[in-house]
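Asker: Quick one: the structure is below, questions incoming.
Coordinate-derived values only; no laboratory data. What you are looking at is a predicted structure, and each value in this text was computed from that prediction instead of being measured. Here Cβ is always computed from backbone atoms with ideal geometry, including for glycine, and neighbour counts include all displayed protein chains.
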Amino acid sequence: MLQENQANEFKGYSLFNDVEDVDLRTRNRAVTLCNIAEAHTNKEKRISPGGAALMIRYTEQIPQEERKEMLSKMVVFMKERGYELT
């Protein structure tokens, strides 16, 4: 059971591998990335290097074929939260 838990989490953030609905799983992962970004953002709305590294490492835990859609949704959610992405 501990091994299953580890496979479904990264640094305390859920990977949502247990969610069967692909759209919901993708949305949850994108929201998690946004939450990580916000937790590591300064007053100028800049994400710290450590936060960026955590986001990258989280993304690496996601199957490659699911990353593109997750990142696309994350961009939409980040813009909705007032971030300017370049």
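Asker: What distance in nm separates the two pseudo spin-label positions at Lys79 and Asn8, each 7 Å out from Cα along the beta-carbon direction?
Answerer: Taking the two extended label points, one gets 3.3 nm.
Asker: With the cut-off at 1.5 for a/c, could you classify the range 42-86 from its C-alpha gyration tensor as rounded, prolate or oblate?
Answerer: Details: a/c = 3.44, a/b = 1.37, b/c = 2.52.
Oblate shape, in that a/c is at least 1.5 and b/c is the bigger or equal ratio.
Asker: Asp23 versus Leu71, label points 7 Å from Cα toward the beta carbon: distance in nm?
Answerer: 2.4
Asker: Between Asn35 and Ala52, what is 0.36 nm times their sequence separation minus the Cα-Cα distance? Round to one decimal in nm.
Answerer: Here the answer is 4.9 nm.
Asker: Sum -39500 (n - 2.57) across every DSSP H segment of at least 4 residues in the chain, then divide by the residue count to get the 222 nm mean residue ellipticity, nearest 500.
Answerer: Details: 4 runs with 53 residues, N = 86.
Mean residue ellipticity, 222 nm, calculated: -19500 deg cm²/dmol.
Asker: I would also like to ask the following. Around Gln61, what is the net charge, scoring Lys/Arg as +1 and Asp/Glu as -1 over all other residues with Cβ under 12 Å from its Cβ?
Answerer: It works out to a net charge of +1.
Asker: Here is a follow-up. Please identify the helices of the chain, taking whole runs of DSSP H, that span at least 18 Å along their own axis as judged from the Cα atoms and have a mean Kyte-Doolittle score of -0.5 or higher.
Answerer: 22-39
Asker: Kindly state, as a whole number, the per residue volume in cubic angstrom of the convex hull around the alpha carbon atoms of the range 22-61.
Answerer: Convex hull of Cα atoms, per residue: 52 Å³.
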